[in-house]
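Working notes, structure below.
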Amino acid sequence: MDVGFYAWRSRLLDEVLPWDHIDAGVTKKYLLEDYQASLRGGTRPDCREHCYACGILTAFREEQVGLAVDAWGCPPIKA
């Protein structure tokens with residue numbers, strides 16, 4: 001087995017990644033956009049000031065039931 005192939009090779013952006021089965025609530029689309037911005041040297045301001053629709057609020061909506069609107073520290077999503 002060539003460890004370097006698995007550890008250090010470039011990966012295609014549409015490739016299934018070893019950790020894709022782990023769901024932390026943030027969408028792969030959002031992570032790819034953030035990754036591409038970082039390659040250009042970009043960063044995003046704190047998301048508590050502006051929601052970037054990363055998917056976390058949608059993924060954990062059931063956990064938010066009964067909590068105060070600001071309990072997660074996220075701004076309301078503007079459609």
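The number of residues in the stretch 58-79 that are within 24 Å of TYR35 (Cα to Cα), among the aliphatic types (A, V, I, L, M) and at pLDDT 85 or above comes to 1.
Can you give me the number of residues within the stretch 1-38 that are among the hydroxyl-bearing types (Ser, Thr, Tyr) and surrounded by fewer than 10 Cβ atoms within 10 Å (Cβ to Cβ)? Working first, answer last.
Of all residues in the stretch 1-38, those among the hydroxyl-bearing types (Ser, Thr, Tyr) come to 6, 10, 27, 30, 35, 38.
Next, from what is left, pick out any that are surrounded by fewer than 10 Cβ atoms within 10 Å (Cβ to Cβ): 6, 10.
The qualifying residues number 2.
Restricted to the stretch 7-21, and to residues that are in a loop (DSSP other than H, G, I, E, B) and of a type in the set (A, V, I, L, M), which residue is nearest to LEU32 (Cα to Cα)? Break it down stepwise before answering.
Taking the stretch 7-21 and keeping what is in a loop (DSSP other than H, G, I, E, B), we get 9-21.
Subset that is of a type in the set (A, V, I, L, M): 12-13, 16-17.
Values: LEU12: 11, LEU13: 7, VAL16: 13, LEU17: 12 Å.
So the residue we want is LEU13.
Checking each residue in the stretch 24-52 for being more than 10 Å from the chain's Cα centre (by Cα) and either basic (Lys, Arg) or not in a helix (DSSP H, G or I) (or both) picks out ARG40, GLY41, GLY42, THR43, ARG44, PRO45, ASP46, CYS47, ARG48, GLU49, HIS50, CYS51. Regarding the stretch 53-76, can at least one residue be identified that is free of Cβ contacts under 8 Å to residues at least 12 places away in the same chain, among the small types (Gly, Ala, Ser) and assigned to a helix (DSSP H, G or I)? No, that holds for no residue.
The values are calculated or read from the model by the stated rules, or taken from the named source; none is laboratory data. In this text, all values refer to a predicted model and were calculated from it rather than measured experimentally. Heads up, the Cβs are rebuilt from the backbone with ideal geometry, glycines too, and the neighbour counts pull from every protein chain shown.
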